[in-house]
Amino acid sequence: MAGISLAIDIVPCLPLFYNKGIFLPFYIKLKVGINMARKKENKNKKGLVEVKREIGVDYMGGPIRKSFYGKTLKEADEKYLEYMKKNGAIQIDDRMTLERWADVWLETYKEGTVSDTTYKATYVWAVNKLKTRFGGRRMSSIRTIELQRFFKEQSAGSASSVDKIKMVTRAIFKTAFHNEVIPKNPMEDVQIPKGIEAEEKRAYNANEYRKVLNFAKEDPDGVGPFIILKTGLRRGELMALKWSDIDFLHMAVSVNQAARIQDGRCIAGPPKSKKSMRSIPVDKELIQFLSDIGRVRESIYVMGHFRDKKRPKNPDTWKQRHYDKFMERLIEKYPEIPELTPHELRHTFGSILYTSGVDIYRVSKILGHSSVDITTKIYVHTTVEDLRNGIPYENLP
(Lines give C-alpha, C1' and ligand atoms only; values in the text may rest on other atoms or scores of the structure.)
Protein backbone atom coordinates (compact mmCIF):
# COMPACT_ATOMS: atom_id res chain seq x y z
CA MET A 1 0.00 0.00 0.00
CA ALA A 2 1.05 3.61 -0.48
CA GLY A 3 2.21 5.71 2.52
CA ILE A 4 4.20 8.78 3.59
CA SER A 5 7.78 8.41 4.88
CA LEU A 6 9.90 10.90 6.85
CA ALA A 7 13.69 10.56 7.06
CA ILE A 8 16.31 12.63 8.93
CA ASP A 9 19.87 12.66 7.63
CA ILE A 10 22.78 14.18 9.57
CA VAL A 11 25.20 15.38 6.95
CA PRO A 12 28.80 16.27 7.97
CA CYS A 13 30.04 19.62 6.72
CA LEU A 14 32.43 22.46 7.42
CA PRO A 15 31.74 24.21 10.78
CA LEU A 16 28.77 26.51 10.60
CA PHE A 17 28.56 29.40 13.07
CA TYR A 18 25.21 29.57 14.74
CA ASN A 19 23.88 31.76 17.62
CA LYS A 20 26.71 33.78 19.03
CA GLY A 21 29.75 31.77 18.18
CA ILE A 22 28.32 28.29 18.54
CA PHE A 23 29.19 26.18 15.55
CA LEU A 24 27.85 22.89 14.31
CA PRO A 25 30.04 20.52 12.27
CA PHE A 26 26.94 19.11 10.53
CA TYR A 27 23.50 20.03 9.24
CA ILE A 28 20.21 18.23 9.44
CA LYS A 29 18.43 17.19 6.16
CA LEU A 30 14.79 16.22 6.21
CA LYS A 31 13.43 13.93 3.40
CA VAL A 32 9.73 13.50 2.88
CA GLY A 33 8.52 10.98 0.29
CA ILE A 34 5.58 8.88 -0.82
CA ASN A 35 6.12 5.14 -0.87
CA MET A 36 4.32 3.41 -3.79
CA ALA A 37 3.54 -0.27 -3.72
CA ARG A 38 6.00 -2.14 -5.98
CA LYS A 39 4.41 -3.81 -9.00
CA LYS A 40 4.72 -7.56 -8.83
CA GLU A 41 5.87 -9.55 -11.84
CA ASN A 42 3.10 -11.84 -13.11
CA LYS A 43 4.40 -15.36 -13.19
CA ASN A 44 2.75 -18.48 -14.50
CA LYS A 45 2.79 -21.92 -12.90
CA LYS A 46 6.26 -22.57 -14.29
CA GLY A 47 7.54 -19.44 -12.60
CA LEU A 48 8.01 -17.53 -15.85
CA VAL A 49 7.10 -13.89 -16.34
CA GLU A 50 4.68 -13.19 -19.21
CA VAL A 51 4.62 -9.97 -21.21
CA LYS A 52 2.26 -9.20 -24.09
CA ARG A 53 3.70 -7.05 -26.82
CA GLU A 54 2.32 -5.70 -30.10
CA ILE A 55 4.09 -7.25 -33.09
CA GLY A 56 2.10 -5.65 -35.91
CA VAL A 57 -1.33 -4.77 -37.21
CA ASP A 58 -3.91 -6.76 -39.13
CA TYR A 59 -5.44 -5.76 -42.47
CA MET A 60 -8.08 -3.67 -40.65
CA GLY A 61 -5.45 -1.72 -38.73
CA GLY A 62 -6.04 -3.51 -35.41
CA PRO A 63 -3.10 -4.56 -33.21
CA ILE A 64 -1.68 -8.09 -33.28
CA ARG A 65 -0.25 -9.11 -29.88
CA LYS A 66 1.93 -12.02 -28.81
CA SER A 67 3.02 -13.32 -25.41
CA PHE A 68 6.71 -13.66 -24.49
CA TYR A 69 8.08 -15.47 -21.41
CA GLY A 70 11.22 -15.22 -19.30
CA LYS A 71 12.50 -15.77 -15.78
CA THR A 72 12.45 -12.01 -15.31
CA LEU A 73 10.67 -9.10 -16.93
CA LYS A 74 13.91 -8.07 -18.59
CA GLU A 75 14.44 -11.54 -20.07
CA ALA A 76 10.88 -11.63 -21.45
CA ASP A 77 11.37 -8.23 -23.08
CA GLU A 78 14.68 -9.39 -24.57
CA LYS A 79 12.88 -12.34 -26.17
CA TYR A 80 10.35 -9.93 -27.66
CA LEU A 81 13.14 -7.80 -29.16
CA GLU A 82 14.87 -10.92 -30.47
CA TYR A 83 11.63 -12.06 -32.12
CA MET A 84 11.07 -8.71 -33.82
CA LYS A 85 14.65 -8.62 -35.06
CA LYS A 86 14.49 -12.19 -36.38
CA ASN A 87 11.16 -11.72 -38.15
CA GLY A 88 11.83 -8.25 -39.45
CA ALA A 89 8.74 -6.97 -37.64
CA ILE A 90 6.51 -8.95 -40.04
CA GLN A 91 2.85 -8.24 -39.46
CA ILE A 92 1.00 -11.53 -39.78
CA ASP A 93 -2.71 -11.92 -39.20
CA ASP A 94 -3.40 -15.53 -38.29
CA ARG A 95 -7.14 -14.84 -38.38
CA MET A 96 -7.23 -13.97 -42.09
CA THR A 97 -9.03 -16.67 -44.06
CA LEU A 98 -8.67 -17.30 -47.77
CA GLU A 99 -12.30 -16.35 -48.30
CA ARG A 100 -11.82 -12.93 -46.69
CA TRP A 101 -8.52 -12.20 -48.43
CA ALA A 102 -9.85 -13.32 -51.83
CA ASP A 103 -12.72 -10.83 -51.47
CA VAL A 104 -10.26 -8.08 -50.48
CA TRP A 105 -8.09 -8.97 -53.50
CA LEU A 106 -11.02 -8.89 -55.91
CA GLU A 107 -12.25 -5.54 -54.63
CA THR A 108 -8.79 -3.93 -54.49
CA TYR A 109 -7.03 -5.29 -57.55
CA LYS A 110 -9.67 -6.36 -60.08
CA GLU A 111 -13.06 -4.75 -59.58
CA GLY A 112 -13.48 -1.93 -62.08
CA THR A 113 -10.22 -2.68 -63.91
CA VAL A 114 -11.72 -5.17 -66.40
CA SER A 115 -15.09 -5.58 -68.07
CA ASP A 116 -17.94 -7.04 -66.03
CA THR A 117 -17.97 -10.10 -68.26
CA THR A 118 -14.26 -10.80 -67.74
CA TYR A 119 -14.53 -10.00 -64.03
CA LYS A 120 -17.26 -12.57 -63.48
CA ALA A 121 -16.25 -15.23 -66.02
CA THR A 122 -12.55 -15.25 -65.09
CA TYR A 123 -11.79 -13.76 -61.69
CA VAL A 124 -14.95 -14.41 -59.67
CA TRP A 125 -15.25 -17.88 -61.22
CA ALA A 126 -11.65 -18.82 -60.27
CA VAL A 127 -12.01 -17.34 -56.77
CA ASN A 128 -15.12 -19.45 -56.18
CA LYS A 129 -13.12 -22.55 -57.13
CA LEU A 130 -10.58 -21.66 -54.44
CA LYS A 131 -13.26 -20.84 -51.88
CA THR A 132 -14.92 -24.21 -52.40
CA ARG A 133 -11.67 -25.93 -51.40
CA PHE A 134 -10.01 -23.54 -48.93
CA GLY A 135 -12.64 -20.89 -48.11
CA GLY A 136 -12.69 -21.09 -44.30
CA ARG A 137 -9.01 -21.93 -43.91
CA ARG A 138 -6.55 -19.42 -42.48
CA MET A 139 -4.21 -18.13 -45.19
CA SER A 140 -1.14 -18.91 -43.10
CA SER A 141 -2.23 -22.54 -42.64
CA ILE A 142 -2.42 -23.44 -46.35
CA ARG A 143 0.61 -25.48 -47.43
CA THR A 144 2.30 -26.01 -50.79
CA ILE A 145 1.40 -29.70 -50.91
CA GLU A 146 -2.30 -28.89 -50.47
CA LEU A 147 -2.21 -26.46 -53.38
CA GLN A 148 -0.33 -29.05 -55.45
CA ARG A 149 -3.12 -31.59 -54.83
CA PHE A 150 -5.73 -28.96 -55.66
CA PHE A 151 -4.17 -28.24 -59.05
CA LYS A 152 -3.75 -31.94 -59.76
CA GLU A 153 -7.53 -32.28 -59.38
CA GLN A 154 -8.14 -29.24 -61.60
CA SER A 155 -6.07 -30.77 -64.41
CA ALA A 156 -9.11 -32.90 -65.28
CA GLY A 157 -10.65 -29.70 -66.67
CA SER A 158 -9.71 -27.74 -69.76
CA ALA A 159 -6.31 -26.13 -70.20
CA SER A 160 -7.86 -22.66 -70.29
CA SER A 161 -9.67 -23.30 -66.99
CA VAL A 162 -6.45 -24.41 -65.31
CA ASP A 163 -4.70 -21.29 -66.62
CA LYS A 164 -7.40 -19.03 -65.16
CA ILE A 165 -7.24 -20.69 -61.73
CA LYS A 166 -3.43 -20.61 -61.80
CA MET A 167 -3.34 -16.89 -62.63
CA VAL A 168 -5.80 -15.96 -59.88
CA THR A 169 -4.32 -18.25 -57.20
CA ARG A 170 -0.80 -16.97 -57.79
CA ALA A 171 -1.97 -13.37 -57.61
CA ILE A 172 -3.94 -13.92 -54.38
CA PHE A 173 -1.04 -15.54 -52.51
CA LYS A 174 1.56 -13.17 -53.96
CA THR A 175 -0.34 -10.08 -52.82
CA ALA A 176 -1.01 -11.71 -49.44
CA PHE A 177 2.74 -12.20 -48.99
CA HIS A 178 3.62 -8.67 -50.08
CA ASN A 179 0.94 -7.25 -47.77
CA GLU A 180 2.40 -9.32 -44.89
CA VAL A 181 -0.72 -11.42 -44.41
CA ILE A 182 1.36 -14.61 -44.69
CA PRO A 183 5.06 -15.17 -43.82
CA LYS A 184 5.75 -17.25 -46.96
CA ASN A 185 4.15 -17.72 -50.38
CA PRO A 186 3.14 -21.42 -50.69
CA MET A 187 2.44 -21.04 -54.43
CA GLU A 188 6.10 -20.47 -55.32
CA ASP A 189 6.93 -24.18 -55.43
CA VAL A 190 3.66 -25.47 -56.89
CA GLN A 191 4.06 -27.21 -60.25
CA ILE A 192 1.01 -26.49 -62.38
CA PRO A 193 -0.14 -29.46 -64.50
CA LYS A 194 -1.63 -28.93 -67.93
CA GLY A 195 -5.35 -29.34 -68.39
CA ILE A 196 -7.12 -31.05 -71.26
CA GLU A 197 -6.64 -29.19 -74.51
CA ALA A 198 -9.90 -27.86 -75.87
CA GLU A 199 -11.30 -29.29 -79.06
CA GLU A 200 -10.51 -27.33 -82.19
CA LYS A 201 -13.15 -24.67 -82.69
CA ARG A 202 -15.40 -25.04 -85.69
CA ALA A 203 -15.31 -22.78 -88.72
CA TYR A 204 -17.02 -22.61 -92.09
CA ASN A 205 -15.11 -23.66 -95.17
CA ALA A 206 -14.95 -21.35 -98.19
CA ASN A 207 -18.12 -22.73 -99.79
CA GLU A 208 -20.16 -22.51 -96.57
CA TYR A 209 -18.74 -19.06 -95.88
CA ARG A 210 -20.10 -17.68 -99.16
CA LYS A 211 -23.52 -19.28 -98.65
CA VAL A 212 -23.88 -17.78 -95.16
CA LEU A 213 -22.77 -14.34 -96.39
CA ASN A 214 -25.35 -14.34 -99.17
CA PHE A 215 -28.06 -15.50 -96.80
CA ALA A 216 -27.13 -12.84 -94.21
CA LYS A 217 -27.45 -10.02 -96.75
CA GLU A 218 -31.11 -10.89 -97.28
CA ASP A 219 -32.12 -11.92 -93.74
CA PRO A 220 -33.70 -9.32 -91.39
CA ASP A 221 -31.32 -10.39 -88.58
CA GLY A 222 -28.30 -10.88 -90.82
CA VAL A 223 -26.55 -7.53 -90.29
CA GLY A 224 -24.52 -8.71 -87.29
CA PRO A 225 -23.44 -12.08 -88.73
CA PHE A 226 -22.49 -10.43 -92.03
CA ILE A 227 -20.26 -7.83 -90.32
CA ILE A 228 -18.56 -10.45 -88.11
CA LEU A 229 -17.85 -12.68 -91.12
CA LYS A 230 -16.32 -9.69 -92.93
CA THR A 231 -14.31 -8.17 -90.04
CA GLY A 232 -13.81 -10.78 -87.30
CA LEU A 233 -15.23 -8.44 -84.66
CA ARG A 234 -15.97 -9.76 -81.20
CA ARG A 235 -19.61 -9.59 -80.14
CA GLY A 236 -19.00 -6.68 -77.73
CA GLU A 237 -17.01 -4.80 -80.37
CA LEU A 238 -19.84 -5.24 -82.87
CA MET A 239 -22.42 -3.81 -80.44
CA ALA A 240 -20.20 -0.75 -79.77
CA LEU A 241 -19.43 -0.09 -83.45
CA LYS A 242 -20.52 3.43 -84.42
CA TRP A 243 -21.24 4.76 -87.89
CA SER A 244 -18.45 7.26 -87.27
CA ASP A 245 -16.02 4.31 -86.91
CA ILE A 246 -16.54 3.37 -90.57
CA ASP A 247 -14.33 5.09 -93.11
CA PHE A 248 -16.32 4.65 -96.32
CA LEU A 249 -13.74 6.51 -98.41
CA HIS A 250 -10.68 4.49 -97.37
CA MET A 251 -12.69 1.30 -96.72
CA ALA A 252 -11.69 0.65 -93.11
CA VAL A 253 -13.42 -0.06 -89.79
CA SER A 254 -11.95 1.31 -86.54
CA VAL A 255 -12.37 -0.62 -83.29
CA ASN A 256 -12.20 1.74 -80.31
CA GLN A 257 -14.79 0.40 -77.86
CA ALA A 258 -16.66 -2.69 -76.73
CA ALA A 259 -20.11 -3.00 -75.18
CA ARG A 260 -20.29 -4.33 -71.63
CA ILE A 261 -22.79 -4.57 -68.80
CA GLN A 262 -22.29 -2.25 -65.84
CA ASP A 263 -24.80 -1.96 -63.00
CA GLY A 264 -27.38 -3.76 -65.12
CA ARG A 265 -27.03 -1.32 -68.01
CA CYS A 266 -25.21 -1.78 -71.32
CA ILE A 267 -22.52 0.83 -71.95
CA ALA A 268 -19.64 1.28 -74.39
CA GLY A 269 -16.18 1.22 -72.84
CA PRO A 270 -12.56 0.27 -73.61
CA PRO A 271 -12.12 -2.98 -75.58
CA LYS A 272 -10.57 -6.18 -74.24
CA SER A 273 -6.98 -4.90 -74.42
CA LYS A 274 -4.88 -2.14 -75.97
CA LYS A 275 -4.12 -4.36 -78.96
CA SER A 276 -7.86 -4.81 -79.45
CA MET A 277 -7.93 -1.18 -80.58
CA ARG A 278 -7.24 -1.47 -84.28
CA SER A 279 -8.17 -0.46 -87.81
CA ILE A 280 -9.46 -3.24 -90.06
CA PRO A 281 -9.27 -2.97 -93.86
CA VAL A 282 -12.52 -4.13 -95.48
CA ASP A 283 -13.70 -4.90 -99.00
CA LYS A 284 -16.19 -3.20 -101.32
CA GLU A 285 -18.90 -5.76 -100.53
CA LEU A 286 -19.03 -4.73 -96.86
CA ILE A 287 -18.82 -1.01 -97.66
CA GLN A 288 -21.73 -1.31 -100.08
CA PHE A 289 -23.74 -3.36 -97.57
CA LEU A 290 -23.18 -0.78 -94.80
CA SER A 291 -24.00 2.08 -97.16
CA ASP A 292 -27.33 0.49 -98.02
CA ILE A 293 -28.44 -0.14 -94.43
CA GLY A 294 -27.00 3.17 -93.21
CA ARG A 295 -29.55 5.13 -95.18
CA VAL A 296 -32.38 3.86 -92.98
CA ARG A 297 -30.60 3.74 -89.60
CA GLU A 298 -31.11 6.51 -87.03
CA SER A 299 -28.91 5.29 -84.15
CA ILE A 300 -25.30 6.40 -83.73
CA TYR A 301 -24.48 2.69 -83.39
CA VAL A 302 -24.57 0.31 -86.35
CA MET A 303 -26.34 -2.26 -84.16
CA GLY A 304 -28.21 0.45 -82.24
CA HIS A 305 -30.69 -0.01 -79.42
CA PHE A 306 -34.23 0.08 -80.80
CA ARG A 307 -35.41 2.57 -78.14
CA ASP A 308 -32.36 4.54 -77.01
CA LYS A 309 -30.56 5.65 -80.17
CA LYS A 310 -27.48 6.72 -78.19
CA ARG A 311 -26.97 3.47 -76.31
CA PRO A 312 -25.40 0.22 -77.58
CA LYS A 313 -27.42 -2.96 -77.66
CA ASN A 314 -26.84 -5.63 -75.01
CA PRO A 315 -24.64 -8.39 -76.61
CA ASP A 316 -26.55 -11.17 -74.84
CA THR A 317 -29.93 -9.74 -75.80
CA TRP A 318 -28.81 -9.44 -79.42
CA LYS A 319 -27.77 -13.09 -79.50
CA GLN A 320 -31.03 -14.34 -78.02
CA ARG A 321 -33.42 -12.13 -79.99
CA HIS A 322 -31.61 -11.82 -83.32
CA TYR A 323 -28.63 -14.12 -83.82
CA ASP A 324 -30.33 -17.33 -82.68
CA LYS A 325 -33.32 -16.62 -84.95
CA PHE A 326 -30.94 -15.95 -87.83
CA MET A 327 -29.28 -19.33 -87.27
CA GLU A 328 -32.64 -21.13 -87.13
CA ARG A 329 -33.63 -19.76 -90.53
CA LEU A 330 -30.17 -20.48 -91.97
CA ILE A 331 -30.23 -24.15 -90.88
CA GLU A 332 -33.77 -24.50 -92.16
CA LYS A 333 -32.63 -23.45 -95.63
CA TYR A 334 -29.21 -25.15 -95.53
CA PRO A 335 -29.45 -28.21 -93.22
CA GLU A 336 -25.94 -29.28 -94.21
CA ILE A 337 -24.38 -26.10 -92.79
CA PRO A 338 -23.37 -26.37 -89.10
CA GLU A 339 -24.80 -23.96 -86.55
CA LEU A 340 -21.96 -21.81 -85.22
CA THR A 341 -21.73 -19.29 -82.39
CA PRO A 342 -20.88 -15.61 -83.00
CA HIS A 343 -17.34 -16.31 -81.77
CA GLU A 344 -17.00 -19.17 -84.25
CA LEU A 345 -17.96 -16.76 -87.04
CA ARG A 346 -14.99 -14.69 -85.88
CA HIS A 347 -12.83 -17.84 -86.09
CA THR A 348 -14.17 -18.44 -89.57
CA PHE A 349 -13.00 -15.01 -90.72
CA GLY A 350 -9.50 -15.66 -89.35
CA SER A 351 -9.38 -19.06 -91.04
CA ILE A 352 -10.55 -17.65 -94.38
CA LEU A 353 -7.85 -14.98 -94.26
CA TYR A 354 -5.12 -17.48 -93.43
CA THR A 355 -6.11 -20.11 -95.98
CA SER A 356 -6.37 -17.37 -98.61
CA GLY A 357 -2.69 -16.58 -98.16
CA VAL A 358 -2.72 -13.73 -95.60
CA ASP A 359 0.34 -14.10 -93.35
CA ILE A 360 -0.20 -14.97 -89.69
CA TYR A 361 1.11 -11.60 -88.46
CA ARG A 362 -1.53 -9.66 -90.41
CA VAL A 363 -4.27 -12.07 -89.31
CA SER A 364 -3.24 -11.48 -85.68
CA LYS A 365 -3.34 -7.69 -86.10
CA ILE A 366 -6.74 -7.76 -87.83
CA LEU A 367 -8.27 -9.97 -85.12
CA GLY A 368 -6.77 -7.83 -82.35
CA HIS A 369 -4.88 -10.58 -80.54
CA SER A 370 -2.26 -9.82 -77.90
CA SER A 371 0.28 -12.12 -79.60
CA VAL A 372 0.80 -14.08 -82.82
CA ASP A 373 1.01 -17.29 -80.76
CA ILE A 374 -2.65 -16.96 -79.81
CA THR A 375 -3.61 -16.60 -83.46
CA THR A 376 -1.62 -19.66 -84.46
CA LYS A 377 -2.71 -21.88 -81.58
CA ILE A 378 -6.39 -21.02 -81.23
CA TYR A 379 -7.81 -19.18 -84.21
CA VAL A 380 -6.19 -20.69 -87.28
CA HIS A 381 -7.90 -23.94 -88.27
CA THR A 382 -6.03 -26.07 -90.79
CA THR A 383 -7.95 -28.93 -92.39
CA VAL A 384 -6.51 -32.21 -93.66
CA GLU A 385 -7.04 -30.99 -97.22
CA ASP A 386 -5.11 -27.80 -96.50
CA LEU A 387 -2.23 -29.90 -95.21
CA ARG A 388 -2.45 -32.21 -98.23
CA ASN A 389 -2.33 -29.28 -100.66
CA GLY A 390 0.89 -28.09 -99.05
CA ILE A 391 2.72 -31.37 -99.64
CA PRO A 392 4.36 -31.82 -103.11
CA TYR A 393 3.65 -35.54 -103.42
CA GLU A 394 4.79 -35.57 -107.04
CA ASN A 395 8.27 -34.46 -105.98
CA LEU A 396 8.66 -37.01 -103.21
CA PRO A 397 10.88 -40.06 -103.96
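The values are calculated or read from the model by the stated rules, or taken from the named source; none is laboratory data. Worth saying up front: this structure is predicted, and the values here are computed from it rather than measured. Note that we place each Cβ from the backbone using ideal geometry, even for glycine, and neighbour counts take in every protein chain shown.
Of all the criteria given as (1) among the charged types (D, E, K, R); (2) within 20 Å of Thr348 (Cβ to Cβ); (3) touching a Gly at 6+ places or on another chain (Cβ under 7 Å), the one not satisfied by Asp221 is (3). Take the conditions in contact with a strand residue (DSSP E or B) (Cβ under 6 Å, 6 or more places away or on another chain), at pLDDT 75 or above and of a type outside the set (Gly, Ala, Ser) and apply them to Val104. Does it pass? Criteria not met by Val104. Within the stretch 112-127, the set of residues being surrounded by 14 or more Cβ atoms within 10 Å (Cβ to Cβ) and without any contact (Cβ under 8 Å) to a residue 40 or more places away in the chain comprises Val114, Tyr119, Val124, Trp125.
When Asp263 is tested against (1) more than 17 Å from Thr118 (Cα to Cα); (2) free of Cβ contacts under 8 Å to residues at least 24 places away in the same chain, exactly one condition is not met: (1). The residues of the stretch 102-113 that are within 25 Å of Gln257 (Cβ to Cβ) and touching a Ser or Thr at 6+ places or on another chain (Cβ under 8 Å) amount to a single one, Tyr109. Can you tell me which of (1) in the same structural domain as Pro281 (by TED's automatic domain parsing); (2) in contact (Cβ under 8 Å) with a residue 40 or more places away in the chain; (3) surrounded by fewer than 21 Cβ atoms within 10 Å (Cβ to Cβ) is the one Gly224 doesn't meet? Evaluating Gly224 over (1) in the same structural domain as Pro281 (by TED's automatic domain parsing); (2) in contact (Cβ under 8 Å) with a residue 40 or more places away in the chain; (3) surrounded by fewer than 21 Cβ atoms within 10 Å (Cβ to Cβ) leaves (3) as the failure. In the set (1) buried (at least 23 other Cβ atoms within 10 Å of the Cβ); (2) touching a Phe, Trp or Tyr at 6+ places or on another chain (Cβ under 7 Å); (3) not hydroxyl-bearing (Ser, Thr, Tyr), Arg260 fails one condition alone, (2).
The set of residues in the stretch 354-372 that are over 29 Å from the mean Cα position of the chain (by Cα) and either closer than 21 Å to Ala258 by Cβ or part of a loop (DSSP other than H, G, I, E, B) (or both) comprises Ser356, Gly357, Val358, Asp359. Mind telling me which of the residues Leu233, Leu290 ends up being within 22 Å of Val363 (Cβ to Cβ) and crowded, with 19+ Cβ neighbours inside 10 Å? One residue alone meets the criteria, Leu233. Please find, within the stretch 374-396, the residue that is modelled with the lowest pLDDT out of those that are outside any helix (DSSP H, G or I) and loosely packed, with under 12 Cβ neighbours inside 10 Å. Residue satisfying both the conditions and the ranking: Gly390. Applying the set (1) at pLDDT below 80; (2) touching a His at 6+ places or on another chain (Cβ under 7 Å) to Gly294 leaves exactly one unmet item: (2). If the condition is being in contact (Cβ under 8 Å) with a residue 40 or more places away in the chain and assigned to a loop (DSSP other than H, G, I, E, B), then the stretch 139-162 contributes Ile142, Arg143, Ser155, Ala156.
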